[in-house]
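This report concerns only the one structure given below.
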Amino acid sequence: MFYFKTFRQPLSLIFFSVIILMNLSSVSDAQNFIKITDVNNPVVSDILSGSFFGCSWVDIDNDRKLDLFVNRKVVYKNLGGGSFIKLETAMAGQNLNLGHSWADYNNDGLIDCFVVSTGGSYSYLYKNEGNGIINKVVTGDIGDSAYNTGWGCSWADYDNDGFADLFITAANNFGVVNHPNRFYKNNGDGTFSRLNFPGLTDTLAPFTIPSWYDYDLDGDVDLFIGTGPGGSTSQDYIYKNMLTETGTANLVRLNLPPLTTDLHDGQVWNLIDYDNDGDLDAFITNYANNVPNNLYRNNNGVYEKMTEAQVGNIVSDLGMFLTNLWADFDNDGDQDCFVTREASKSLYYVNNGNGTFTRNDSTAAVTGPVTCFGATAGDFDNNGSLDLYVAGTTSSKGLYRNDLSNGNKWINIKCTGKRNSNSNFSNSSALGTKVKAKATINGVPVWQFREINSQNSFNSMNMLNVHFGFGNASVIDSLVIIWPRGLREVFTNVTLNTFYDAVEGQGIVSGINLNELNPVLEDFRLYQNYPNPFNPVTKINYELRVTNYVSLKVFDILGNEIKSLVSNNQPAGSYEISFDGEGLSSGIYFYNLSAGSLSETKRMTLLK
């Protein structure tokens, strides 16, 4: 089915981002990662331990600010302006988790998460209840934590029925894992049924990270599994989905040389169009210290293993690799590659746009401590450039803000599957959706390609939003969205440097307005408390321009509510509220004012 609609109507949504916890200058590098070091930020100060765990940028509350999830901890809620608080009610009770994957499994508009562990009863589905509460599901086969031990996991709508299904990789003989992989079909009513596929769910192997991609672009997603023995090599496992060919979603192990015949200590498969020729190339990280990573170029369905002479040292460097993460960090129109290593510093390869890569050893994301595990890319500050969080121990983890200043253009698209009248709908998280964009960059027409999936890093995933860089392009000539259920939407003359919402069958509209990142609020104005710092009393002033239900609350740095100062309807006018910090410890606190659907947060300091 072909659907055509030209972009016409913008939709303005007010976005708030006002708490400033750092004041760091930017430089003019093509991509300039600045490590955030403010110890008042729990993302920075939290203690982390263990190994091989991941992280993700994900918007848990649909407020258009990407929150951060790190395995073994909690969700760090993004307050805007670089500030985060820990949500103690979100995914509490984690322990030895390694992998995780996010998707809206029940299509209720709130994204949910499965976390998996190789030991103990720590593998759980966490259902997002809203209001910052994400609870364990403990019923049914999906709730049998001890039974579902494994290394990694990934959501995908493998049968294109509109609901995300779950695959769990069982790394045999790692931890307490001594069973085959688990595959759960989503029944569409909140429950799951276990599936069995010969050669997939009855096989013992050191299965590591599962990734879903439509490698042959036939309309169904296929399964790529890194199968790293951990120091030695073997053949990886790739499964073709036979849904398009037979009408039945059956996964069959694939013989696809050289991807399946080369020996790997495989960790993460990523399928990306690194050379912008319209098909999916493949990259795999290898853990064995003497085995470099592999990049395979797709030549019309035939994969060719790239050499250092062809692409650079992205395929010759050594060092116990884990993550490979692909994103256009410099917004020039092609995807760059970031990799982590267990016992060495991470590496960053800049895509030169001609099929080759140059390693950048000077950016902050690769000059820090060694031993990093998962990593995730996402635009957490909504400035049009992709930021980076790297998971590791307390000394090696890092939040890196991308202060891009080269003027390159971009777009950011949030895709949402939508049920329509004939029930021919895609999953809410739009997993499996393909997005293509054509623009003229440096005088040359360039097509770019992205596919939305829920596992594209080491036990980690990037933001689900689709990000494109466009260099010096002036407009997007064509933007094509192909939804998993087959609907194809085409938009022309699309404006750059814009956030978009794309809802299946409903076109695209502009989302966040960059001019409203620090807005003058239409319905109220919240002022900085005075005095600040204070001891122990301070005053908070605000103005209401319309009658509204008002909530004014104080929180500590961990996100715990300290006191509710106002909770009632108030008429338009000016207000002054006193807050007494007697009995509280010195430190950073936040006060949040909500009026109707609008909300604003500011920071204050108690200094005794």
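The values are calculated or read from the model by the stated rules, or taken from the named source; none is laboratory data. Because the structure is a prediction, the values reported are computed rather than measured. Cβ coordinates were reconstructed from backbone atoms using ideal geometry, including for glycine residues, and neighbour counts include every protein chain displayed. For the accessible areas, the whole protein counts, side chains as well, though only heavy atoms, and no ligand, DNA or RNA atoms are used. Shrake-Rupley method; radii C 1.70, N 1.55, O 1.52, S 1.80 Å.
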Completion exercise
Placing +1 on each Lys and Arg Cβ and -1 on each Asp and Glu Cβ in the chain, then taking the dipole about the Cα centre, the residue among 145, 205, 425 whose Cα reaches farthest towards the positive end is 145
Fill in the blank from the handout: For residue 546, placing the label point 7 angstrom along Cα-to-beta-carbon and taking the stretch 561-584, residues whose amide nitrogen sits under 19 Å are 568-575
Exercise for the section: Order these peptides, 39-45, 344-350, 226-232, by their mean beta-carbon neighbour count within 10 angstrom, highest first. Expected result: 344-350, 226-232, 39-45
Problem - Protein accessible area in the chain, 1.4 Å probe - carbon and sulfur % - result: 49
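What net charge is computed for the residues neighbouring residue 584, neighbours being all others with C-beta under 14 Å from the C-beta of residue 584, Lys and Arg scored +1, Asp and Glu -1?
Numbers: positive: 563, 608; negative: 556, 561, 580, 582.
So the environment of residue 584 carries a net charge of -2.
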Practice task
Classify the stretch 269-388 as rounded, prolate or oblate, taking a ≥ b ≥ c as the square roots of the eigenvalues of its Cα gyration tensor: rounded when a/c is under 1.5, otherwise prolate if a/b is larger than b/c and oblate if not.
Solution key: oblate
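Can you give the extra length, in nm with one decimal, that the chain gains between residue 569 and residue 45 once fully stretched, where that is 0.36 nm per residue apart less the Cα-Cα distance?
On the way: separation 524, 0.36 × 524 = 188.64 nm, distance 3.79 nm.
Roughly 184.8 nm would be gained on extension.
Decide, for the stretch 152-213, between rounded, prolate and oblate: order the square roots of the alpha carbon gyration tensor eigenvalues as a ≥ b ≥ c, take rounded if a/c falls under 1.5, and otherwise choose prolate if a/b is larger than b/c, else oblate. Don't skip to the answer; put the middle values down first.
Values: a/c = 2.14, a/b = 1.91, b/c = 1.12.
Prolate, since a/c reaches 1.5 and a/b exceeds b/c.
Send over the Kirkwood Rh of the stretch 150-269, from the inverse of the averaged 1/r over different Cα pairs, rounded to one decimal Å. Before the final figure, lay out each step's value.
Numbers: mean 1/r = 0.0689 Å⁻¹.
That comes to 14.5 Å for the stretch 150-269.
What is the sum of charges around residue 374, taking Lys and Arg as +1, Asp and Glu as -1, for the other residues whose C-beta is under 14 Å from the C-beta of residue 374?
Values: positive: 72, 73, 341, 397; negative: 342.
Neighbour charge sum, excluding residue 374 itself: +3.
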Practice task
With a probe of 1.4 Å, find how much accessible area the chain has per residue, and write the answer as a whole number in Å².
Solution key: 35
Practice task
Between residue 138 and residue 108, take the C-beta separation as r, use R0 = 25 Å, and let me know the FRET efficiency to the nearest 0.05.
Solution key: 0.85
Completion exercise
Reviewing [x] 71, 55, 53; [y] 84, 60, 45; [z] 86, 72, 54, the figure for Cα extents along the principal axes in Å actually calculated from this model sits under [x]
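Net charge near residue 228, counting Lys/Arg +1 and Asp/Glu -1 over other residues with Cβ under 10 Å of its Cβ? Write out the running numbers ahead of the final one.
On the way: positive: none; negative: 236, 265.
My count for the surroundings of residue 228 gives -2.
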Handout entry: Label-point separation, residue 393 to residue 493 (7 Å along Cα→Cβ), nm
Key = 5.9
Handout entry: Selection from 509, 453, 95 lying farthest towards where the dipole of the chain points positive, charges on Cβ
Key = 95
Handout entry: Full-extension gain in nm, residue 277 to residue 586, via 0.36 nm per residue minus C-alpha separation
Key = 105.5 nm
